[in-house]
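Worksheet for the structure shown next.
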Amino acid sequence: MSALRPDLEIIDHWIAPRSRVLDLGCGDGTLLRHLRENKQVESYGLEIDDDNIARCIKAGVNVIQMDIDAGLSDFDADSFDYVVMSQTLQAVQHPDRILDEMLRVGREGIVTFPNFGHWLNRLQITFGGRMPLTRVLPEPWYQTPNIHLCTLRDFEQLCHAKGIEILQRKVVNSAHRTGPLMHLLPNLFAEIALYRFRRG
Amino acid sequence: MPDTIPGDSVGLVTPQTIQFDAPLTLDCGRTLPGYQLIYETYGELNAARSNAVLICHALSSDHHAAGYHSTEDRKPGWWEACIGPGKPIDTDRFFVVCPNNLGGCKGSTGPLTINPDTGKRYGPDFPIVTVGDWVRSQAQLADRLGIERWAAVIGGSLGGMQALQWAIDHPQRLRHSIVIAAAPKLSAQNIAFNEVARQAIMSDPDFHAGRYYEHDTVPRRGLMLARMLGHITYLSDESMRKKFGRELRQGKINYGFDVEFQVESYLRYQGRSFVERFDANSYLLMTKALDYFDPASKTGGDLAAALKPVQAHFLVISFTSDWRFAPARSREMVKALTEGDNPVAYAEIEAHQGHDAFLMPIPQYLKVFRAYMERVAEETNR
């Protein structure tokens, strides 16, 4: 078994064996394949990219080629234990609606996203006057797929407004390690945030 | 045929026929006293008999899916893009079986066959056959070939419907079902097109209520029109624009009703050449099989309920410009499969070729198809 990307490793820890998972933007299917082989998890992955579709199929992942922005109407309410969205929330048309959809079809939601409140981003905007370019956000503003960046505080405020209960939060840097500063001031020092949540 | 047979072709092939003496009861309630199927095979059946795949053909195609019948052939079989050594349906790894369906006109029992009761060709008296009947006859072919379980049943369009029906009717007898450019049932619009095609044939004065063989003629104009109409639905607006645009054959408008635009010439050619190779009564039967296909009709319209018995893993493929069986129709099947927790992969291929795309060597299509079949092959050897 090959080592999992650290953020996927954290998600893997959060997911109970033999559960049902829907992965929104499942990439090359690494997480789902891992969950199937190690936790007997039944899953479907949604993906839009042609190359990833072929990779998922090669990996034996149940991948369905569709655009998440078109909604999840092909899935019935409460049909999954977890709906996962890794590094995709900030790239969808309507992050708020997608959260509703995740909790309609799933019992719990898991998202990860880059924290726009990270000090390096703040520094680049404040003193450089330009959109940040970092390890986590490497594309210039005109090429980035990230159209709805947010900070930890933004996300938590939205969850609060929607009556979504946050069950777990994990904050890491781009090497997916955590540290004391991050725990003290997560919105300033976390580069990547991971949340597990459910309807409140 | 090309001067030399390409390395990725199965090369020269010879069809075989097989006779079934036991009566076959059909969905329409009538019984065929016995029947014959013509089929082709490519590749070798392995010792475990686990590498056989069944190819189901569409409306107007037949058992000749790949390779050439003779060195004189201009064109290879209809699915040469996907079947052959190193191709998605790799004949170095799979034993491929492709029969001509009952009711066809290429050698399997159909309207051209002599009716034992009358000593004349069945013609219009040939019973209406359904997708379920085809699956039943294909299962008998599998029995005779000693294939207990197909590694995969594969088809495009009406062939995809057979692959779906197989998974419902014989859950234990296939490991994978590959459904390409198909739909779980026809829409009113689909049926409407079929009806116009049938009316074109049946209103041809040479049709003679289907007994044209006895009048030594064929409903040439009707069948030609039916094919021309069908062909429009196989292409897309974009592919027609790309292929013909408004190009004129003589470079100028002649203010008449002769062929002027290239697209007219193309359609007439397609229609005329179809008349040479297809029987009108068979065409009528095939369109009816399409119209009647609706596995969910037995479960009150609930496709997921109809798919309850399914054990096969599915690959479903659609093409963006296919408006005959649009991607949304494939997604209906995917939705029903996910509702029942059935393993399924779904690819929506960006293609401008319309419904016909499933016959073409579109790189992403071949890539996805190959990736899936490689997994099927790996399981086969396990």
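For this structure, a couple of remarks:
- Only listed residue being surrounded by fewer than 22 Cβ atoms within 10 Å (Cβ to Cβ) and modelled with pLDDT of 95 or more, chosen from B:LEU145, B:LEU158, B:LEU102, B:LEU164: B:LEU145
- Among the candidates B:ARG249, B:ARG227, B:ARG221, residue that is surrounded by fewer than 17 Cβ atoms within 10 Å (Cβ to Cβ), among the charged types (D, E, K, R) and at negative phi: B:ARG249
- Selection status of A:LEU72, surrounded by 19 or more Cβ atoms within 10 Å (Cβ to Cβ), touching a Gly at 6+ places or on another chain (Cβ under 9 Å) and either within 21 Å of B:LYS335 (Cα to Cα) or at pLDDT 95 or above (or both): no
- Segment B:3-35, residues that are more than 22 Å from the chain's Cα centre (by Cα) and of a type in the set (Gly, Ala, Ser): B:GLY7, B:ALA22, B:GLY29, B:GLY34
- Of the residues screened, B:ALA371 is not one that is under 30 Å from B:LEU45 (Cβ atoms), small (Gly, Ala, Ser) and over 23 Å from the mean Cα position of the chain (by Cα).
- Top-ranked residue of segment A:69-94 - restricted to ones that are in contact (Cβ under 8 Å) with a residue 12 or more places away in the chain and of a type in the set (S, T, N, Q), ranked as nearest to the other protein chains (Cβ to nearest Cβ): A:SER79
- Filtering segment B:46-73 to residues that are within 15 Å of B:VAL10 (Cα to Cα) and either among the charged types (D, E, K, R) or part of a loop (DSSP other than H, G, I, E, B) (or both) leaves B:HIS63, B:HIS64, B:ALA65, B:ALA66, B:GLY67, B:HIS69, B:SER70, B:THR71, B:ASP73.
- Members of segment A:159-200 found to be polar (S, T, N, Q) and not in a strand (DSSP E or B), listed by number: A:ASN173, A:SER174, A:THR178, A:ASN187
- When we screen A:ARG97, A:ARG130 for residues that are away from chain B (no Cβ under 14 Å), among the basic types (Lys, Arg) and in contact (Cβ under 8 Å) with a residue 24 or more places away in the chain, the only hit is A:ARG97.
- Residues being at the interface with chain B (Cβ under 10 Å from one of its Cβ atoms) and either without any contact (Cβ under 8 Å) to a residue 24 or more places away in the chain or β-branched (Val, Ile, Thr) (or both) - total across segment A:48-59: 7
- Test: residue in segment A:177-197 that is of a type in the set (Ser, Thr, Tyr), surrounded by 14 or more Cβ atoms within 10 Å (Cβ to Cβ) and at pLDDT 95 or above: yes
- Test result for B:ALA197, modelled with pLDDT of 95 or more, part of a helix (DSSP H, G or I) and more than 17 Å from the chain's Cα centre (by Cα): yes
- Residue in segment A:42-56 that is surrounded by the most Cβ atoms within 10 Å (Cβ to Cβ), counting only those that are in contact with a Lys or Arg (Cβ under 7 Å, 6 or more places away or on another chain) and under 18 Å from A:ILE110 (Cα atoms): A:SER43
- Qualifying residue in segment A:60-68 (condition: within 9 Å of chain B (Cβ to nearest Cβ), closer than 20 Å to B:THR320 by Cβ and part of a loop (DSSP other than H, G, I, E, B)): yes
- Listed here are the helices (runs of 4 or more DSSP H) enclosed by segment B:266-382 that have at least 2 residues being more than 9 Å from every other protein chain (Cβ to nearest Cβ) and among the acidic types (Asp, Glu): B:363-381.
- Scanning segment B:336-369 for residues being free of Cβ contacts under 8 Å to residues at least 12 places away in the same chain, surrounded by fewer than 21 Cβ atoms within 10 Å (Cβ to Cβ) and within 25 Å of B:TRP150 (Cα to Cα) gives a total of 2.
The values are calculated or read from the model by the stated rules, or taken from the named source; none is laboratory data. The structure presented is a predicted model; accordingly, all values stated were derived computationally and were not measured. Please note: Cβ atoms are built from the backbone with ideal geometry, for glycine as well, and neighbour counts cover all protein chains shown.
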